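Since the structure comes first, as structure tokens, the remarks are kept for the end.
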Amino acid sequence: MAKNLTHKILEAHLLEGRLVPGEEIALKIDHVLLQDATGTMAMLEFEALGIDSVRAEIAVQYVDHNILQTDNKNADDHKYLQTAAARYGLHFSPPGNGVSHQVHMERFGRPGKTLLGADSHTPGAAGVSMLGIGAGGLDVALAMAGYPYYLPCPVVLGVRLTGALPDWVSAKDVILEMLRRYNVKGCVGKIVEYHGPGVKSLSATDRETIGNMGTELGATTSIFPSDENTRAYLQAQGRGDQWVELSADEGAEYDENDSIDLSALEPLIACPSSPGNVVTVKDVAGTKVDQVIVGSSVNSSFRDLMVVAKIVEGRHAHPYTSFHVNPGSRQVLGNVAAQGGVISLLHAGARIHEPGCLGCIGMGQAPGTGEVSLRTMPRNFPGRSGTKDDKVYLCSPETIAAAALKGVITDPRELGKEMDYPRIRDPEKYRIDASSIIPPSEDLRGTEVVRGPNIRPLPLMDPLPETLRAEVVLRVGDNVSTDTIMPAGNQVLPLRSNIEAISRFVYAQIDPEFYSKCKAVGAAVVVGGENYGQGSSREHAALAPRSLGVRAKIALSFARIHKANLCNFGILPLIFKDPSHYDLFREGAKVVFTDVRSHIERGSVEIPVEVDGRTVVTILQVSERQRRHLLEGGALNFVKQQLQAGAGSS
């Protein structure tokens, strides 16, 4: 039977279950990726397991989010991560070396391998035909310990590409077209597999852009074939011997199908404040632009920066538009410099920052009050930039360059009246310097792990009681992101390894009294709408509420990673059986989950909930494994019990 590429890779890594959509499967994980915003907690969780060393094929700790060292906290955490990486056998990529997705693709990515990352944009690994999946830190810590990764078997959406991109249109416009069609939740529970004759027109870094932002569709991940373009990229990185050809069988079938004629695309842009709010650039042309940023988490490759450098060469940015460049890696910056791009950017008035996430996660580069910011970044959730009521648009490097020069949103095709479109080819051989990455070695295994004063032990999680009595402390609407639940930015992120401190900021954007309300009621419930918990994989959006006493979240639907994180930390992820019951759960309502432990133990899907004396039915759609985690108060409790039982029986 002809197989699609997704099923080929899944079958090669399948440890438990069947490839039937919706059934839980367990996958062997080859590579593990951590970054510092989530990696400190993941490393603490790994240490709590009591395992002596990493058991994954390759594990890499990147420092790319919290690189601003405004006081001791970030620097202390960086030292903790470096010494822990040395002690337990991880590669360590220090601050300034680059964004995890970009550097992993350059130095470690291999076709056909699986990658689990404590970052929701790990699917950018599709650029080298690697099945990259974003997950919460605890799932990644367990993968580091050699455990499989569990998830519902995804539906495979096959997207057939034909044609080739016209001038002034690039890979960003491909994924924006997907977002225009599917919005931010249309691909939940799906893997998007791109195939067809149009694939050969996209470079490896083009594919990384599309895979990276596939996360914003709600997709589990995305995948491309491994072909001559993949081989050319790996050869240019000095790793051509790691290339293997991978593709779907001729006649392979998909659970769902779509198609895109690349030649018919035009420049697109996501308007405030959702990646799914996509229109054509010409629809919003003329809007005054105060700030533009190219690079960071996506569109930070050599090609993306170099095309901007060539467009602005010999010109200068508009005097009222601030022009920023965030390289994806030290290697990218070095190669752009080697081809004269840095001089062009500097002479055009660009502020070139050190490689890292920066403004994408609200670490600097916040726009001013009422200002419009155009960014190549993957997200524009409200306030994510660091500015309340921000006006952030997402677009291609070409559209960024046009706005930088004109001072208003401009269809980049208008520049075609003034110049030829600069089609950029990746170098046949990149200038490579991997010396900043510290590899694991036996000599480093004796390193003492250094813990600064801001690194605190994980909070204790008590098991689920037989009957749970709680109060609704907050009710929110649709598409609430983990940025809204647990904000990022330079005030909050440095507290990532101190749950007691960071918990004071939970839901602060919506309800500044959330912390005190939780403390007052003891056991709390949060009620949400559709796609609750979209966006970042940050498990702090589950762990911090749990530390405040949140024991259940009841919503119309959940985003994949956040739902898994809730189970990992013993928070019941319940869905309204009757959506109209959402209106019954007002703030202050008294909620009783009678015999909830018994219901979960016997596998009940329908969980009765009494709200202000009226009983309604909610749905618990979790695996048997997740039920055990919920009963024990979290996955870490359950796994530690398993490890202790194993040690006792040996």
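The values are calculated or read from the model by the stated rules, or taken from the named source; none is laboratory data. This is a predicted model, so every value here is computed, not measured. Cβ atoms come from the backbone with ideal geometry, glycine included; neighbour counts cover every protein chain shown.
Checked against (1) part of a loop (DSSP other than H, G, I, E, B); (2) under 30 Å from residue 154 (Cβ atoms), residue 543 meets all criteria but (1). Determine which member of the set 598, 536 is of a type in the set (Ser, Thr, Tyr) and at pLDDT below 95. None of the others qualify; the one that does is 536. Filtered by the rule that a residue be out of contact with any Ser or Thr (no Cβ under 9 Å at 6 or more places or on another chain) and not hydroxyl-bearing (Ser, Thr, Tyr), segment 44-57 gives 45, 46, 47, 48, 49, 50, 51, 52, 54, 55, 56, 57. In segment 59-110, the residue that is farthest from residue 327 (Cα to Cα) out of those that are aliphatic (A, V, I, L, M) and surrounded by fewer than 20 Cβ atoms within 10 Å (Cβ to Cβ) is 75. Residues in segment 151-176 that are of a type outside the set (A, V, I, L, M, F, W, C) and surrounded by fewer than 21 Cβ atoms within 10 Å (Cβ to Cβ) were compared, and the one that is modelled with the lowest pLDDT is 152. Looking across segment 301-322, the residues that are under 30 Å from residue 127 (Cα atoms) and touching a His at 6+ places or on another chain (Cβ under 9 Å) come down to 312, 313. The set of residues from segment 548-581 being surrounded by fewer than 22 Cβ atoms within 10 Å (Cβ to Cβ) and either in a loop (DSSP other than H, G, I, E, B) or at pLDDT below 95 (or both) comprises 549, 556, 557, 577, 578. Going through (1) within 23 Å of the chain's Cα centre (by Cα); (2) modelled with pLDDT of 95 or more one by one, residue 35 falls short only on (2).
Name the residues in segment 628-645 that are of a type in the set (S, T, N, Q) and free of Cβ contacts under 8 Å to residues at least 24 places away in the same chain, would you? Hits for segment 628-645 are 641, 642, 644.
For segment 119-152, a residue qualifies if it is in contact with a Ser or Thr (Cβ under 7 Å, 6 or more places away or on another chain), of a type in the set (A, V, I, L, M) and assigned to a loop (DSSP other than H, G, I, E, B), and exactly one does: 135. A count restricted to segment 407-427 and to residues that are among the small types (Gly, Ala, Ser) and part of a loop (DSSP other than H, G, I, E, B) stands at 1. Here 9, 51 are screened, and the one residue that is touching a residue at least 60 places away in the same chain (Cβ under 8 Å), assigned by TED's automatic domain parsing to the domain that holds residue 250 and not in a loop (DSSP other than H, G, I, E, B) is 9.
The single condition among (1) of a type outside the set (A, V, I, L, M, F, W, C); (2) over 27 Å from the mean Cα position of the chain (by Cα); (3) surrounded by fewer than 14 Cβ atoms within 10 Å (Cβ to Cβ) that residue 433 does not satisfy is (2). Taking first residues from segment 226-237 that are in the same structural domain as residue 128 (by TED's automatic domain parsing) and over 11 Å from residue 430 (Cβ atoms) and partners that are of a type in the set (Lys, Arg) and in a helix (DSSP H, G or I), the Cβ contacts under 9 Å between residues at least 6 apart in sequence or on separate chains come to 227/200; 228/200; 229/200; 229/207; 230/207. For segment 474-526, a residue qualifies if it is surrounded by fewer than 19 Cβ atoms within 10 Å (Cβ to Cβ) and at positive phi, and exactly one does: 522.
Matching residues to (1) under 19 Å from residue 322 (Cα atoms); (2) of a type in the set (Ser, Thr, Tyr); (3) in contact (Cβ under 8 Å) with a residue 60 or more places away in the chain:
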| position | (1), (2), (3) |
| --- | --- |
| 255 | no, no, yes |
| 260 | no, no, yes |
| 264 | no, no, yes |
| 268 | no, no, yes |
| 274 | no, yes, yes |
| 285 | yes, no, yes |
| 297 | no, yes, yes |
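Does residue 571 fit the bill of being closer than 30 Å to residue 68 by Cα and either out of contact with any helix residue (DSSP H, G or I) (no Cβ under 9 Å at 6 or more places or on another chain) or aliphatic (A, V, I, L, M) (or both)? So residue 571 fails the test. Filtering segment 338-360 for residues that are among the basic types (Lys, Arg), in contact with a helix residue (DSSP H, G or I) (Cβ under 7 Å, 6 or more places away or on another chain) and either in contact (Cβ under 8 Å) with a residue 12 or more places away in the chain or not assigned by TED's automatic domain parsing to the domain that holds residue 285 (or both) leaves an empty set. Of the residues making up segment 58-70, none is touching a residue at least 40 places away in the same chain (Cβ under 8 Å), touching a helix residue (DSSP H, G or I) at 6+ places or on another chain (Cβ under 9 Å) and in a helix (DSSP H, G or I). Against the test of being more than 29 Å from the chain's Cα centre (by Cα), under 30 Å from residue 520 (Cα atoms) and surrounded by fewer than 14 Cβ atoms within 10 Å (Cβ to Cβ), the options 471, 428, 466 yield a single qualifying residue, 466.
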